[in-house]
Structure formats: structure tokens, C-alpha cells
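Some notes on the structure that comes next.
The values are calculated or read from the model by the stated rules, or taken from the named source; none is laboratory data. It should be emphasised that the depicted structure is a prediction, and the values quoted were computed from it without experimental measurement. Virtual Cβ from ideal backbone geometry, glycine too; neighbours counted across all protein chains shown. Note: areas computed on protein heavy atoms with side chains; ligands, DNA, RNA excluded. Shrake-Rupley method; radii C 1.70, N 1.55, O 1.52, S 1.80 Å.
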Amino acid sequence: MKLSDAQIERFENDGFLVLPSVFTHDEVDALKSDLPRLFAERRPENFREKESDAVRTAMALHQRSDVYARLVRHPRLVEPAKQILGDDLYIQQVKVNAKEAFSGDVWQWHYDFATHHEEDGVPEPLALNLHILLDEVTEFNGPLVFIRGSHRRGPVPATLDTETTSYPLWVVDREAVAELVAEGGLVSAKGPPGTVLIFGDTLVHGSSINMSPWPRTIFSLILNPVSNALTRYRRPEHQHHRDLGAVVSLADDCLIAGAAA
Ligand code: SIN
Ligand code: MN
């Protein structure tokens, strides 16, 4: 999959892309079918909500599941990332973020580079976050909300929040968020299952609780140039993978054909 010039321009201006119908229903079904097994596992890669036993984020899925091992090499994710960043990208982080119906918790306002830089010593804000919506995401079930154009400010001040949720995150304060929103406005990333989101390392984003009766699961792959790799190793491997081998795409039908093989 190749991004058009207009899409690249939109990505550069807005800091994100929302691309509907990139993955088919059969492909999304194949991805969702392994989640009950993965979420049931009791292991440190599964972070559960502060107030419940529900899985909030399940990490390192490519090391725990065949279909996710293929997904992280999927050309519809890897090729657009290479188009934006150039070759030689490594797999930094692989997860599914879930928001259980009625209770899935907030992701505070943040940009990913704050955490990658402070915790893992990533030098520059180059990494790309590639999402696939695995459920229909609407205004009701806790969509990601982007501050349009916030990436253009670069890394704004951030502080570590270990209190609000079960997941430690470097977050942006209210004054900075209000300023950025006044400049660029908010966009919620909604769409049917199979929609892909692409956004960069300094785009400020967050999501509110899911008080709807509909669950919300989103796959996320972060790819980072090998030349911009982590320099600090204090977080566990599932939060920042150490294998700096350049990711190589599989065939376009790898999710479905791979399952039959
Ligand atoms: C979310 O799942 O709502 C937040 C995801 C992210 O910060 O990338
Ligand atoms: Mn994020």
C-alpha cells in the first residue's frame, strides 16, 4: 500500500491519517479471534485496569501469537511507514489497547515521544504509531482524540503520571493542551473495523473512558528507525523491544493465507 501525495501532505499538516477499509472483515476477525486467549493470560505483558481485572493493554503480541507475528510484518502497515521514514525500521512496541464496555479507562493527554525519550532514551521524535481499529469506534466508546497540528510544536513539556491509571505515562499539562487545542482543534479517530490510523511521535492525543455498552479494541504497532534506537534499558522488553533487526514485509495476504498454511 502506497500513500498518495495528498495523504502525505495531510499527514505532514495534521500529524495523523485516518484510512478507512485498509483491512477486511475476515482479517480483523482473524486478529480478534486470538484476543480472548491472549487477554486471559496472567503475565506482566497484560496490564489490567486500575479499578478492575479487565485488560487495558496487552503487549508483545507478536511474541505470543502467530497471527500477530505476521501482522507486524504486514505490508499495509510496514510500507507506508517506510514511505514516511525511509528503510530500516525496527519493531519498538506491539499491543492491543482495549476499553471494556461500561468501564474502559482514560488515556491521558500525551505524545508518545515523551515516554520513549524519558524512559528509553530514544534520541529523536521519529517513530510512527500505526493503529488498526478492531471494533467499530464511535464517539461513544472512547475513540482516540488527536490535537490537529500539535506535532508541529515538537516535544512540549511532559511529566510522569503514575497515579491516574494502571499504566505509567508521561503526560501533557492542561495549559499546554488548551493552547494546542486553541490552535489546531480536536479530531476523534472514528471508523469501522479495519480502519488504519497513522500518527507521529509528537502528536498530542488521548481518549476518554468507555461508558458505552460497546467494547473498543485497537491494535498498535510502533516502528522506529534503527538509527534512532533506544539508549536506555530500564523498562521491560515488552514496553520497548530490543531486536533492532529491520522489519521486512510479508505478502499482502499473509494474515489469511498464513492461517491456512
Ligand atoms: C488509546 O488506546 O486510546 C490510546 C492509544 C495511544 O496512546 O496510542
Ligand atoms: Mn499514545
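When the stretch 97-132 is examined, which residues are found to be of a type in the set (S, T, N, Q), open to solvent by less than 40 Å² (accessible area, probe 1.4 Å) and closer than 26 Å to PRO213 by Cα? I'd like the intermediate steps shown before the answer.
Taking the stretch 97-132 first, the residues of a type in the set (S, T, N, Q) are 97, 103, 108, 115, 129.
Filter once more, so that each one left must be open to solvent by less than 40 Å² (accessible area, probe 1.4 Å): 97, 108, 115, 129.
Once the filter is applied, which keeps residues that are of a type in the set (S, T, N, Q), open to solvent by less than 40 Å² (accessible area, probe 1.4 Å) and closer than 26 Å to PRO213 by Cα, the stretch 97-132 yields ASN97, GLN108.
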Quick one: is GLU179 under 23 Å from PHE11 (Cβ atoms) and free of Cβ contacts under 8 Å to residues at least 12 places away in the same chain? yes
The stretch 130-155 residues that are under 18 Å from PHE23 (Cα atoms), paired with ones that are surrounded by fewer than 24 Cβ atoms within 10 Å (Cβ to Cβ) and of a type in the set (S, T, N, Q) (beta carbon under 7 Å, 6 or more apart): HIS131/SER220; LEU133/THR195
Members of the stretch 132-178 found to be among the aromatic types (Phe, Trp, Tyr) and either more than 15 Å from ligand 1 (Cβ to nearest atom) or within 17 Å of the chain's Cα centre (by Cα) (or both), listed by number: PHE146, TYR167, TRP170
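Residues being assigned to a loop (DSSP other than H, G, I, E, B), open to solvent by 40 Å² or more (accessible area, probe 1.4 Å) and touching a residue at least 24 places away in the same chain (Cβ under 8 Å): count how many of those fall in the stretch 246-257.
Applying the first criterion (assigned to a loop (DSSP other than H, G, I, E, B)) to the stretch 246-257 yields 246-253.
Add one more test, that the residue is open to solvent by 40 Å² or more (accessible area, probe 1.4 Å), and what stays is 246, 248, 250-253.
Applying the additional criterion that residues be touching a residue at least 24 places away in the same chain (Cβ under 8 Å) yields 246, 248, 250-252.
The qualifying residues number 5.
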If you scan the stretch 13-60, which residues turn out to be surrounded by 13 or more Cβ atoms within 10 Å (Cβ to Cβ) and free of Cβ contacts under 8 Å to residues at least 40 places away in the same chain? ASP29, ASP34, ASN46
